[in-house]
1. Restricting attention to region 328-343, which residues are loosely packed, with under 15 Cβ neighbours inside 10 Å and part of a helix (DSSP H, G or I)?
2. Exactly one condition in (1) touching a helix residue (DSSP H, G or I) at 6+ places or on another chain (Cβ under 6 Å); (2) under 17 Å from residue 202 (Cβ atoms); (3) outside the structural domain of residue 212 (by TED's automatic domain parsing) is false for residue 343; which is it?
3. Here are some residues: 32, 97, 2. Which one is out of contact with any helix residue (DSSP H, G or I) (no Cβ under 9 Å at 6 or more places or on another chain) and touching a residue at least 40 places away in the same chain (Cβ under 8 Å)?
4. Restrict the check to region 182-196 and report whether at least one residue is under 26 Å from residue 59 (Cβ atoms), touching a strand residue (DSSP E or B) at 6+ places or on another chain (Cβ under 9 Å) and at pLDDT 90 or above.
5. Within region 314-327, is there a residue that is crowded, with 16+ Cβ neighbours inside 10 Å and at pLDDT below 90?
6. Identify all residues within region 252-283 that are without any contact (Cβ under 8 Å) to a residue 40 or more places away in the chain, surrounded by 14 or more Cβ atoms within 10 Å (Cβ to Cβ) and in a loop (DSSP other than H, G, I, E, B); write none if there are none.
7. How many residues are within 25 Å of residue 239 (Cβ to Cβ) and either surrounded by fewer than 18 Cβ atoms within 10 Å (Cβ to Cβ) or under 20 Å from the mean Cα position of the chain (by Cα) (or both) if we restrict to region 431-455?
8. With the structure loaded, tell me whether residue 215 is surrounded by fewer than 20 Cβ atoms within 10 Å (Cβ to Cβ) and either free of Cβ contacts under 8 Å to residues at least 24 places away in the same chain or within 24 Å of residue 108 (Cβ to Cβ) (or both) or whether it fails that test.
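The values are calculated or read from the model by the stated rules, or taken from the named source; none is laboratory data. Everything numeric here is computed off the predicted structure, so don't read it as measured data. With ideal geometry, Cβ positions are generated from the backbone for all residues, glycine too; neighbour counts draw on all protein chains shown.
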């Protein structure tokens with residue numbers, strides 16, 4: 001991390017940002033001696049980025065430093081990032097603004113250190129006339145479906161807010177490749193190995209989620225936030241997912257000693273089941289996380305992705321072997337341990353309100369800027385505890401990261417909108433919840449449900465198919481009561497059936 005801004009102030013020099021010059025004393029951005037006007041927030045954002053050149057800064061941290069508030073939504077920051085990129089593009093049309101102001105998936109934003117430097121005196125080139133860049137818009141297929149359905153079903157009912165949320169300027173697009181991976185199944189050759197399945201699934205899931213260039217498709221499955229991690233073969237969210245680039249399986253067998261496991265990793269194409277990569281790993285039971293880190297590093301190498309940062313040192317086996325009471329009392333929890341514990345708590349039928357409130361408050365202090373998945377887990381716990389305002393704030397903030405597109409999270413957001421009597425938001429999240437189910441159910445079934453007659457008669461629609469699924473009924477059991485009056489409250493917000 002290079003604090004270029006402080007260095008420039010100390011040496012009383014200026015900063016070259018590609019072909020532009022920033023004067024930190026007069027707080028002016030210019031090119032060829034001609035000042036470029038910056039709005040105050042854009043200027044403050046630029047200076048924060050200059051303080052950590054080359055190092056990703058999380059969205060929540062940027063919001064806290066620039067707006068001095070934790071209640072600003074991430075789309076405000078996204079718009080400001082787009083504004084800065086537009087300025088860079090306008091005044092340096094020969095450069096790619098997205099490679100100067102870089103989006104680092106799941107981590108935040110940073111200025112490319114290779115294109116930022118200190119200058120004592122700069123020979124400015126003649127200014128070339130700015131080339132206006134045409135606005136290009138990209139729309140995700142899911143949101144096209146939402147928009148079409150919205151026009152057909154809720155004409156006159158839905159606000160312009162939907163279209164604003166579902167589109168984004170091309171200048172804010174991520175420029176790095178991301179691999180879509182489904183963590184599928186762990187098989188064992190001996191039942192004596194089953195006690196290690198939970199720790200191995202937990203550790204590998206946490207490492208893959210933490211790595212920004214792999215998108216773990218399990219997170220988008222509706223059952224992902226409704227399933228415990230246990231000693232069964234499947235990872236949460238793996239059994240119903242219809243789409244992914246690749247699928248990962250493990251096979252565990254005994255090693256040469258009581259302290260060794262042999263893990264055979266298999267990577268296959270999701271569509272054809274054709275194996276494209278395999279590896280065998282010796283895992284030390286006393287250091288499972290280190291062995292799993294080798295798998296993660298090999299996957300990155302196979303996909304030709306950037307090197308894996310040194311993972312946080314955890315003892316996942318020791319943690320998951322504790323009782324829940326001992327886990328709750330643990331000090332200095334890692335983010336992966338918080339996610340694991342929150343998952344288990346969500347599936348606990350009865351939670352002690354006072355103890356849970358105390359734990360949630362501690363998590364808020366220990367993790368003021370949580371990553372997206374932790375934000376969702378804590379928000380769902382708030383929701384289950386009846387702390388609806390905290391739940392809405394956490395879940396609403398988390399969704400702006402655009403990494404997790406989960407139908408169950410949208411269903412919870414639609415329920416919160418109902419509780420707050422916000423029909424437009426309810427309709428928006430209801431539609432997103434239904435359309436996002438296309439990851440696990442045939443799209444034809446989703447479109448059939450969106451017929452006005454079907455919505456009135458079966459408002460949970462495709463969710464009912466999942467609830468009746470034996471593999472999900474246990475996971476959904478603790479939530480069914482929460483949504484039992486959902487349809488009654490929602491009826492007035494649905495379009496009336498069309499006369500035949």
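1. Residues of region 328-343 loosely packed, with under 15 Cβ neighbours inside 10 Å: 329-332.
Selection gives 329 alone.
2. Of everything listed in (1) touching a helix residue (DSSP H, G or I) at 6+ places or on another chain (Cβ under 6 Å); (2) under 17 Å from residue 202 (Cβ atoms); (3) outside the structural domain of residue 212 (by TED's automatic domain parsing), residue 343 misses just condition (1).
3. Working: 97 fails: out of contact with any helix residue (DSSP H, G or I) (no Cβ under 9 Å at 6 or more places or on another chain); 2 fails: out of contact with any helix residue (DSSP H, G or I) (no Cβ under 9 Å at 6 or more places or on another chain).
Exactly one of 32, 97, 2 is out of contact with any helix residue (DSSP H, G or I) (no Cβ under 9 Å at 6 or more places or on another chain) and touching a residue at least 40 places away in the same chain (Cβ under 8 Å), namely 32.
4. So in region 182-196, the residues under 26 Å from residue 59 (Cβ atoms) come out as 183.
Next, from what is left, pick out any that are touching a strand residue (DSSP E or B) at 6+ places or on another chain (Cβ under 9 Å): 183.
From what's left, at pLDDT 90 or above: 183.
There is at least one residue in region 182-196 that is under 26 Å from residue 59 (Cβ atoms), touching a strand residue (DSSP E or B) at 6+ places or on another chain (Cβ under 9 Å) and at pLDDT 90 or above.
5. Yes - at least one qualifying residue is present in region 314-327.
6. Of everything in region 252-283, just one residue is without any contact (Cβ under 8 Å) to a residue 40 or more places away in the chain, surrounded by 14 or more Cβ atoms within 10 Å (Cβ to Cβ) and in a loop (DSSP other than H, G, I, E, B), namely 255.
7. Looking only at that region, the number is 15.
8. Working: surrounded by fewer than 20 Cβ atoms within 10 Å (Cβ to Cβ): no; either free of Cβ contacts under 8 Å to residues at least 24 places away in the same chain or within 24 Å of residue 108 (Cβ to Cβ) (or both): yes.
No: the conditions fail for residue 215.
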